[in-house]
Amino acid sequence: MAYFKEIVTKAVVGKGKKATTGKYSIKPEETPNTVLGCWIINHRFNGSLVNGEIYVNGNYDVNVWYSYDNDSKTGVCSGNYSYSDKMKVPVNVGTKLTNNSEVIVNSLSDPNVVDVDIMNGTITFTVRKEMGVEVVGDTKIRVNVEDNFEDYMEIVDEDVTEEIFEEIDSQVKENYISESEVIDSTNDDEA
């Protein structure tokens with residue numbers, strides 16, 4: 001007969017991904033003519049659970065390479081930008097997020113500048129990124145338990161087969177009969 005036991009364990013109870021864009025601006029010391037390059041470094045992020053809602057918080061450094069003075073000189077300006085994205089991660093039915101729930105965040109697509117514009121001496125740029133979130137929490141699993149399960153099984157060497165057992169059994173019987181006859185004949189001689 002089989003029956004089930006419930007085990008409480010930690011498992012991924014929710015998983016989701018979200019692409020977001022953010023628009024930022026930076027004003028260099030000189031008035032830029034052309035943006036020659038824009039790149040993002042030092043992306044740091046983490047996940048948090050606030051009042052049952054999941055947030056991905058992070059920041060990164062943006063470096064902008066530009067030309068100025070009628071495209072005769074170049075310069076680089078940089079800035080640090082922060083973000084906080086609310087993530088509506090679907091969780092398993094019956095699962096409640098608690099303070100013990102853990103939020104794991106992965107960058108599925110690193111932040112990348114997708115659009116740059118110069119307006120009135122200010123460089124504006126749009127950053128796109130995609131983040132993946134896993135929520136680890138307490139959950140229950142059901143395990144099928146059998147009551148007649150044996151822990152140890154009989155080990156039989158592969159070389160030993162049923163035929164060998166029968167052969168050994170017949171040899172033992174023959175030896176026993178031969179020894180009995182010898183004992184009986186010895187007893188007859190003594191009498």
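We did not get these values from a lab; they are worked out from the coordinates using the rules stated. Note that this is a predicted model, so its numbers are computed, not measured. Heads up, the Cβs are rebuilt from the backbone with ideal geometry, glycines too, and the neighbour counts pull from every protein chain shown.
In straight-distance terms, cross-link reach from Lys15 covers every one of the lysines whose alpha-carbon lies under 22 Å from its own, apart from those fewer than eight places away in the same chain; here that gives Lys86, Lys88, Lys96, Lys129, Lys140.
Dipole orientation for the range 2-145: of the candidates Asn106, Gly132, Gly52, Gly52 has the Cα lying most toward the positive pole (charges on Cβ; Lys, Arg +1; Asp, Glu -1). Evaluated at q = 0.13, 0.18 Å⁻¹, a Debye calculation over the C-alpha positions of the range 2-145 (equal weights, vacuum) places log10 I(q)/I(0) at -0.67, -0.96.
Ordering 12-19, 86-93, 46-53 by mean Cβ neighbour count within 10 Å, with the highest value first, yields 12-19, 86-93, 46-53.
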